[in-house]
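The values are calculated or read from the model by the stated rules, or taken from the named source; none is laboratory data. Just so it is clear, the structure is predicted and the values come from calculations on it, not from any experiment. Cβ placement follows ideal geometry from the backbone for every residue including glycine, while neighbour counts extend to all protein chains displayed. Note: accessible area is taken over every heavy atom of the protein model, side chains too, but ligands, DNA and RNA are not part of it. Shrake-Rupley method; radii C 1.70, N 1.55, O 1.52, S 1.80 Å.
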Amino acid sequence: MGRPLGKGQFGRVYLVRTKTRPAFILALKTIYKSEVIAAQLEAQVRREIEIQSNLRHPNVLRLYGYFHDEKRLFLMLEYAANGELYRQLAKRGRFSEKRSSRYVAQVADALRYLHSKRIIHRDIKPENLLLGLSGEIKLGDFGWSVHAPSNRRTTMCGTLDYLPPEMVEGRAHNNMVDNWALGVLAYEFICGFAPFEDKSGKGGTFMRIARVDLRFPLGISNEAKDLISRLLRYAPHDRLSFDGVLAHPWIQCYAKAS
Ligand code: AMP
């Protein structure tokens, strides 16, 4: 058992090494069963484990297995050596377009894979992206993910910033919520703040999302604006596909090495 890596909603995450040889480094996430039960999130935790353990993609955090004792559940997760992307963003304020473009490409590739397995992530935001040893994206936190199709209405909690119009308006939603969130993510990477943030609070953000009140600060390239505008469309079926994202000039121009 090594150092604590962080603290989650229901317990801590530790860096660990297996006793069996060859030794293997893992992130072990502990979850207190009593707290999950108290929060009535058993079904959600079960779903998170079931979904994540079946996924294999270089930009999706692997869940190798799990075990439990009387009190706790232990998830054996891939170790993301470079920690939270959110922390990098907070430290730098914003990212260069080159760096942003490469992150967006990796998230698009991970989401394309999830959608091909009929899984909607539904909680794409910088806090849920970890970084591997080479700085590559590792998409984690499948707590809100579901098997499509889903006609459920959203219970809104936490930040509104990444929710699409159909979710803030309480309508049915589909996998295109992730395409919208990718547009919000790209915007936040290059601008340093989310596109529909509003000083007046949640009501203001709500209105701006529902109207798709999208404005860009000065100094953003036309290619970046074009890609973001194609993802942030009111009608879900109008949003650019992940194939379209990966073929877009703003992604292609930074895709080559160096
Ligand atoms: P979570 O409960 O998933 O929100 O995790 C709490 C914190 O632990 C995260 O914000 C990360 O800082 C850290 N963490 C979680 N999983 C990993 C991992 N697989 N590799 C490295 N750090 C992690």
Just to be sure I understand the rule: take each whole DSSP H helix in the chain, project its Cα atoms onto its long axis, keep it if the span is 18 Å or more and its mean Kyte-Doolittle hydropathy is at least 0.0. Which ones pass? 176-191
Computed lengthening from Ser96 to His68, 0.36 nm per intervening residue step minus Cα-Cα distance: 5.8 nm
Å² of accessible area per residue within segment 59-133, as computed with a 1.4 Å probe and no ligands counted: 48
Given a 1.4 Å probe, how much area per residue of segment 158-197 is accessible, in Å²? 23
The chain, accessible surface, carbon-and-sulfur percent (1.4 angstrom probe): 52
Length-normalised contact order of the chain in % [C-alpha pairs under 8 Å, at least 6 apart]: 16
Where the centroid of each part is defined by its Cα atoms, how far is segment 230-258 from segment 68-94 in Å? 27
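Can you put Lys7, Lys199 in order of accessible area, largest first, using a 1.4 Å probe? Don't jump to the answer; show the numbers that get you there.
On the way: Lys7 155, Lys199 210 Å².
Listed by decreasing accessible area, they come as Lys199, Lys7.
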Rounded, prolate or oblate (a/c below 1.5 giving rounded, otherwise prolate when a/b exceeds b/c) for segment 169-258 by Cα gyration tensor: oblate
If r is the Cβ-Cβ distance from Ser134 to Ala23 and R0 is 22 Å, what FRET efficiency results, to the nearest 0.05? 0.55
Can you tell me the equivalent ellipsoid semi-axes for the chain? Use √(5λ) from the Cα gyration tensor, largest first, whole Å. 31, 22, 17
